[in-house]
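Here's the structure we're looking at; comments come further down.
Taken together, the values in this text are just the output of simple stated rules run on the coordinates, not laboratory data. Just so you know, these numbers come straight off a predicted model, no measurement behind them. Here the Cβ positions follow ideal geometry from the backbone for every residue, glycine too, while neighbour counts run over all protein chains shown.
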Amino acid sequence: MFVFAHTGITAGTALLLNRFIGGHSANAAKGSGESSAGTPAEGRFAEVWVTSLGRRIDLRVLLVGSLLPDIIDKPLAVLYSGTLGGRTFSHTLLFLLATAIAGLCLYLSRHKSWLLVLAFGVFMHLVLDEMWLRPGTLLWPLQGLSFGGPVASHSLAVYLLIFFISEAVGLVVLGWMAWVLFRRGKVRAFIRHGQV
């Protein structure tokens, strides 16, 4: 489980999507009035990315969603003595679709987006786990009830390189977001409500 990679890269992707698809402009950085006068324009703009996303969604749900497949499947692997492996039910397209459809229904009926945010976190987890390399698991149960055997993996050197780079990238994104929360005095609001 790449904790910092899953959470940080998912949060970074959500920040980028919010910035480019969410229609948030640079003018909001100038007009927000929340940044201190001593912060360079780039710093104010970077802070606006975090606060804009933090106002739209519960960031805690996003972070939990990015880890949810492992939170569900790793204990299942322990319970079944490793016979299922670490990627089973919640690493499937079926689980992602069920979460997304339930989230869409909740949004359309009650205008609550938290389940859609959770589904986005699950989607990013599957992408970061390269689940397309495990079609027996990803497409379960379409290709049978088995989750598929072991898949040819990267060499140890490549695996360690991927591990350290992805964990470092995730840690940088999470550290930057934590710095924005601390700088703006929003740590308590984040813990209580997931908002910035």
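With each label modelled as a point 7 angstrom along the Cα→C-beta vector, the Gln143-Trp179 pair spans 4.2 nm. Loop-resident trypsin sites (Lys or Arg not before Pro) (DSSP state other than H, G, I, E or B) in the range 164-196 with no more than 13 further Cβ atoms inside 10 Å of their Cβ are absent. Put a dot 7 Å past the Cα of Val172, heading toward its Cβ, do the same for Leu106, and the two dots end up 3.3 nm apart. With 0.36 nm allotted per residue and the present C-alpha distance subtracted, the Ile71-Glu130 stretch has 19.5 nm of extension available.
Cβ neighbours within 10 Å, averaged per peptide: list 47-58, 4-15 in order, most packed at the top.
Working: 47-58: 20.4, 4-15: 22.2.
Highest-to-lowest ranking by the protection proxy: 4-15, 47-58.
Once the Cα-Cα distance is subtracted from the 0.36 nm per residue extended length, the Tyr159 to Leu94 segment shows a gain of 20.6 nm.
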